[in-house]
């Protein structure tokens, strides 16, 4: 079992739906990340939260909206997605904020998202 | 341009055999190099993290080496097991906030 928990594991939604992905960690980590991974490709960074504040947004379309309600929880709100947004969405955490540096990243097992 | 290249793209070996995966990078300024194992449908799991001054690091049957002069790294797997079947990804950290350059990975298949 991973220490970063993502729910749901699978999600199928239409292009007009609104849904949210959830990520939790109870390791006391202060940096959390969202990645998007297409089949047979490495993960692509989307957002970084450092000490519960958004510090990096890698030019992600506004149909993806991140939220960090507290230091243990990270959400990704989805609205009006496109078929090309179908992918594995991974959450990760690191002990400290302020730059990944030499810190390890702990990944969840992801949410497999399919857009119809 | 910062790049990480891995070889081979895929590899099939018999259970119990050893293998070595390669990673070449052109990343500057360099902070550290990581190897991850990713099982199909799972998130990546960190195997090793090496800084500039470290030449080798082990994690069980996995041993990573780093040559910062030639900008090359390798991951050696000893006495392979069926559970080693996965993608192995080399990632180099740029010495700035959060930028990680990911390789495309090597898909390793262990056959009984």
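Just so it is clear, none of the values below were taken in a lab; they were calculated from the coordinates. Since we're looking at a predicted model, the values are computed, not measured. With ideal geometry, Cβ positions are generated from the backbone for all residues, glycine too; neighbour counts draw on all protein chains shown.
How large is Rg/Rh for region A:1-106, to two decimals, with Cα atoms and a Kirkwood Rh?
Rounded to two decimals, Rg/Rh equals 0.95.
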Item checked: Base-10 log of normalised Debye intensity for region B:7-78 (one unit scatterer per alpha-carbon) at q = 0.20 Å⁻¹ -> -0.92
Next item on the list: Express the relative contact order of region A:30-89 as a whole percentage, based on alpha carbon pairs under 8 Å and six or more residues apart in sequence.
Entry: 31 percent
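Suppose we look only past 14 Å in the calculated P(r) of region A:2-52. What percent of the Cα-Cα pairs does that tail hold?
Of the Cα pairs, 67 percent sit more than 14 Å apart.
If contacts are Cα pairs under 8 angstrom and at least 6 residues apart, what is the relative contact order of chain A in percent? The partial results should precede the final answer.
Working: 293 pairs, mean separation 43.7, N = 116.
About 38 percent, as a whole number.
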Notebook entry, point to check: For region A:1-69, what is the relative contact order in percent, using Cα pairs closer than 8 Å and at least 6 residues apart in sequence?
Noted result: 20 percent
Check: Fewest first, what order do B:58, B:80 take by the number of other Cβ atoms within 10 Å?
Finding: B:58, B:80
Notebook entry, point to check: Hey, how many Å between the Cα centroid of region B:68-112 and the Cα centroid of region A:1-74?
Noted result: 24 Å
Check: In the Gaussian network model of chain B, springs joining C-alpha atoms below 10 Å, which of B:75, B:33, B:47 carries the largest mean-square fluctuation?
Finding: B:47
Notebook entry, point to check: Using a Gaussian network for chain A with springs between C-alpha atoms less than 10 Å apart, which of these wobbles most: A:101, A:28, A:14?
Noted result: A:101
Check: What residue among A:59, A:72, A:50 shows peak mean-square fluctuation when chain A is described by a Gaussian network model with Cα springs under 10 Å?
Finding: A:59
Item checked: Label-point separation in nm, residue A:96 to residue B:72, each point 7 Å along Cα→Cβ -> 3.4 nm
Check: Viscosity 1.306 mPa s, temperature 10 °C: Stokes-Einstein D of the protein assembly as shown from its Kirkwood Cα radius, in µm² per second?
Finding: 87 µm²/s
